[in-house]
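Asks: Handing you this structure, nothing more for now.
The values are calculated or read from the model by the stated rules, or taken from the named source; none is laboratory data. These numbers were taken from a predicted model, which means no experiment stands behind them. Positions of Cβ are generated from backbone atoms using ideal geometry, with glycine treated the same way; all protein chains shown enter the neighbour counts. Side chains included, ligands, DNA and RNA excluded: accessible areas come from the protein's heavy atoms. Shrake-Rupley method; radii C 1.70, N 1.55, O 1.52, S 1.80 Å.
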Amino acid sequence: MMENRSFDHMLGSLKAVDARIDGLSGNESNPDTKGNIIKAQPLADYQGQLDPDPDHDFDAVDQQIFDGGTTPTMQGFIKNYFLQRKDVSHSQKIMYYFPANKVPVLTTLAREFAVFNRWFSSIPGPTLCNRAFAHYGTSFGHVDMSLFYVNAKFKSVYQRLIDANHTAKLYYFDQVSSSLEVINLLKDQPKLFGTYDQFLEDCRRGTLPEYSFVEPNYSDHDGPDGAVIASDQHPDHHVAEGERFIASIYMAIRENPALWSSTALLITYDEHGGIYDHVPPPSCMPDGFVAQPKDTRTGQPFHFDRLGVRVPAILVSPYVAKGTVVNGVFEHSSIPATAMKWLLPNFDNTQRSPREAAAPTFLDLLTLDTMRTDTPEFS
Amino acid sequence: MTVIKIPKKPTKAFNPKRPASALLLSQIEHLEHAVGREPKRIKRTEGQAARYIGELTAELLRQSQTTVAPASRVIAPPAAPVTPGMTPTVVGGTKAAPTKAHAAFNRTLAARGKSKRKTAKKKTTKRRRSR
């Protein structure tokens, strides 16, 4: 799971080469604070344009989606980004997206395997509460970055699988990058964790667990072999390093024939990071919690009954037909839901969130009877 | 078969001196809470934050070797699911401010030197009365 990029920002250019992909036609726009209409443009750069980090707290995303109204128009992105630097010209960069050739790893995988047109972040808010949905199927009522797992009502997907004698692991990049949101598990069940190097080794040896979650590197830091560059793609980290990271995960699986034939890889992003997307988020199954106005900072409670902004999501497997475009609505609860449907299909639904219990799963996208032999390689 | 060239390593992008993001600061807050360390809300560069995260992670893994119950289990009431007509209390917090849970944990830490059991008992009693 990568960090903070919207669907249109990373994959919007693909509409020009495949009209089935719900990207950008060139007519999408937002007004700036002076009333000028600013179109989305393929001018995104790897680094330097999104500094400061665009706001993506709940109230900021509310403005981005609703622009002060009650209809999700997706017209408030520039106005919201303007608030941070008060620079009209700079605020327009929130509309920039990558031309396909600038992010060849992600765009190639999207076209070669299955790309989701409607994969949304779980909450119109920041990182940790969104990532919580990938681990727990809920954020336990949180819409912010606070500790969400204190006295958590539902077990993580890892705990559920381990309790049922399945195998599961979270791979963080290294000890200095560490794990982002499941610190409680890191303390209580350190055996659930591994590093990126161990992931590569497990791929080589064919010893990956049945279910793995891989985290990118969240910081520029010194490693034993010199400079280690952040690969999470969180603004203002260099997007190309994230491309290299995604390619390395793909190739590590692909280079072990037995693993390649038995593994499905989902690549997605936790949330949009405040960056423009043109598709209004839909309503969804409430997860049974309510966030209070003091936490949403919008003056309104939030019932977890609508999704956050759309993010890239790609399913990779040699059993996925080339050029699959998925139009159903998905969000991060679909991750634990799919793992459970596959490994624990009779799991008691009262032991997981209503959102997760209702979430669509995606293994039915593995439609081919025989493995493809035309899948791409990265050199 | 399509062969795609992976982008070159952007070595010039390395900048551990940029200010640590809110994400890294939140990660530090969570790790400090987990290891039971007083939160140090100071300005850090990304490199400094990373080093501290590494230090906290090492400490956390050291602690996990022991059989001591995790401190986070003695604090904060559970966030209950909603039943019709009822609004639950949500344990809240923001990036900039300490979470309620973290603050409560800090109070527990401060009281530990005096009388840990008494403090815990008082809190339980108070919570029950307020319901």
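Asks: What are the residues in segment A:1-20 that are in contact with a strand residue (DSSP E or B) (Cβ under 9 Å, 6 or more places away or on another chain) and either open to solvent by 10 Å² or more (accessible area, probe 1.4 Å) or within 20 Å of residue A:53 (Cβ to Cβ) (or both), if any?
Replies: The answer is A:1, A:2, A:3, A:4, A:5, A:6, A:7, A:8, A:9, A:10, A:18, A:20.
Asks: Would you pick out the residues in segment B:8-28 that are closer than 20 Å to residue B:43 by Cβ and either more than 8 Å from chain A (Cβ to nearest Cβ) or touching an Asp or Glu at 6+ places or on another chain (Cβ under 8 Å) (or both)?
Replies: B:15, B:16, B:17, B:18, B:19, B:20, B:21, B:22, B:23, B:24, B:25, B:28
Asks: Starting from residues that are part of a loop (DSSP other than H, G, I, E, B) and under 23 Å from residue A:141 (Cβ atoms), keep the ones in segment A:340-354 and report whichever is least open to solvent (accessible area, probe 1.4 Å).
Replies: Among residues in segment A:340-354 that are part of a loop (DSSP other than H, G, I, E, B) and under 23 Å from residue A:141 (Cβ atoms), the one least open to solvent (accessible area, probe 1.4 Å) is A:353.
Asks: Condition check: in contact with a His (Cβ under 6 Å, 6 or more places away or on another chain), within 29 Å of residue A:97 (Cβ to Cβ) and not polar (S, T, N, Q). Does residue A:228 satisfy that?
Replies: Against the criterion (in contact with a His (Cβ under 6 Å, 6 or more places away or on another chain), within 29 Å of residue A:97 (Cβ to Cβ) and not polar (S, T, N, Q)), residue A:228 qualifies.
Asks: What number of residues within segment A:224-243 satisfy the criterion of being within 25 Å of residue A:51 (Cα to Cα) and in a strand (DSSP E or B)?
Replies: Count: 2.
Asks: Quick check on segment A:215-243: of everything there that is over 15 Å from residue B:16 (Cα atoms) and among the aliphatic types (A, V, I, L, M), which residue is surrounded by the fewest Cβ atoms within 10 Å (Cβ to Cβ)?
Replies: The extreme case among them is A:240.
Asks: Same structure, new question: I need the full set of residues from segment A:189-214 which are under 15 Å from residue B:34 (Cβ atoms) and either β-branched (Val, Ile, Thr) or surrounded by fewer than 19 Cβ atoms within 10 Å (Cβ to Cβ) (or both), in order please.
Replies: The answer is A:189, A:190.
Asks: Continuing with the same structure: Please state which one of A:122, A:146, A:89 is of a type in the set (Gly, Ala, Ser), in a loop (DSSP other than H, G, I, E, B) and free of Cβ contacts under 8 Å to residues at least 60 places away in the same chain.
Replies: Of A:122, A:146, A:89, the one residue that is of a type in the set (Gly, Ala, Ser), in a loop (DSSP other than H, G, I, E, B) and free of Cβ contacts under 8 Å to residues at least 60 places away in the same chain is A:146.
Asks: Sticking with this structure for a sec: Test residue A:307 against the stated conditions and say whether it is under 15 Å from the mean Cα position of the chain (by Cα) and under 28 Å from residue A:263 (Cα atoms).
Replies: no
Asks: Kindly provide the set of residues from segment B:42-59 that are touching a residue at least 12 places away in the same chain (Cβ under 8 Å) and assigned to a loop (DSSP other than H, G, I, E, B), ordered by number.
Replies: Scanning segment B:42-59 gives B:43, B:44.
Asks: Looking only at residues that are hydrophobic (A, V, I, L, M, F, W, C), over 30 Å from residue A:49 (Cα atoms) and more than 10 Å from chain B (Cβ to nearest Cβ) in segment A:274-293, which one is least open to solvent (accessible area, probe 1.4 Å)?
Replies: Among those residues, the one meeting the criterion is A:284.
Asks: In segment A:206-220, is there at least one residue being modelled with pLDDT of 95 or more, among the acidic types (Asp, Glu) and within 24 Å of residue B:20 (Cα to Cα)?
Replies: Taking every residue of segment A:206-220 in turn, at least one turns out to be modelled with pLDDT of 95 or more, among the acidic types (Asp, Glu) and within 24 Å of residue B:20 (Cα to Cα).
Asks: Looking at segment A:163-173, can you tell me whether even one residue there is out of contact with any helix residue (DSSP H, G or I) (no Cβ under 7 Å at 6 or more places or on another chain), among the charged types (D, E, K, R) and open to solvent by less than 10 Å² (accessible area, probe 1.4 Å)?
Replies: no
Asks: Also, quick follow-up: Counting only residues that are more than 12 Å from residue A:334 (Cα to Cα) and part of a helix (DSSP H, G or I), which one in segment A:355-369 is nearest to the chain's Cα centre (by Cα)?
Replies: A:365
Asks: Determine whether segment A:244-261 contains at least one residue that is open to solvent by less than 30 Å² (accessible area, probe 1.4 Å), away from chain B (no Cβ under 12 Å) and outside any helix (DSSP H, G or I).
Replies: Looking through segment A:244-261, at least one residue is open to solvent by less than 30 Å² (accessible area, probe 1.4 Å), away from chain B (no Cβ under 12 Å) and outside any helix (DSSP H, G or I).
Asks: Restricting the first residue to segment A:175-195 and requiring it to be within 7 Å of chain B (Cβ to nearest Cβ), which pairs with a second residue that is part of a strand (DSSP E or B) and among the hydrophobic types (A, V, I, L, M, F, W, C) meet a Cβ separation below 7 Å and a spacing of at least six or different chains?
Replies: Taking only residues 6 or more apart or on different chains, the pairs are A:186/A:193.
Asks: Can you tell me which residues in segment B:1-44 are among the acidic types (Asp, Glu) and at pLDDT 90 or above?
Replies: B:29, B:32
Asks: Same structure again: Residue by residue through segment A:227-243, note down the ones that are of a type outside the set (A, V, I, L, M, F, W, C) and facing chain B (nearest Cβ under 9 Å).
Replies: A:232, A:234, A:235, A:236, A:237, A:238, A:241, A:243
Asks: Still on this structure, I have one more. Just checking, does segment B:19-36 include any residue being in contact with a Ser or Thr (Cβ under 8 Å, 6 or more places away or on another chain), open to solvent by less than 30 Å² (accessible area, probe 1.4 Å) and in a loop (DSSP other than H, G, I, E, B)?
Replies: yes
Asks: Still on this structure: Which residue out of A:68, A:48 is without any contact (Cβ under 8 Å) to a residue 24 or more places away in the chain and open to solvent by 10 Å² or more (accessible area, probe 1.4 Å)?
Replies: From the options A:68, A:48, the qualifying one is A:68.
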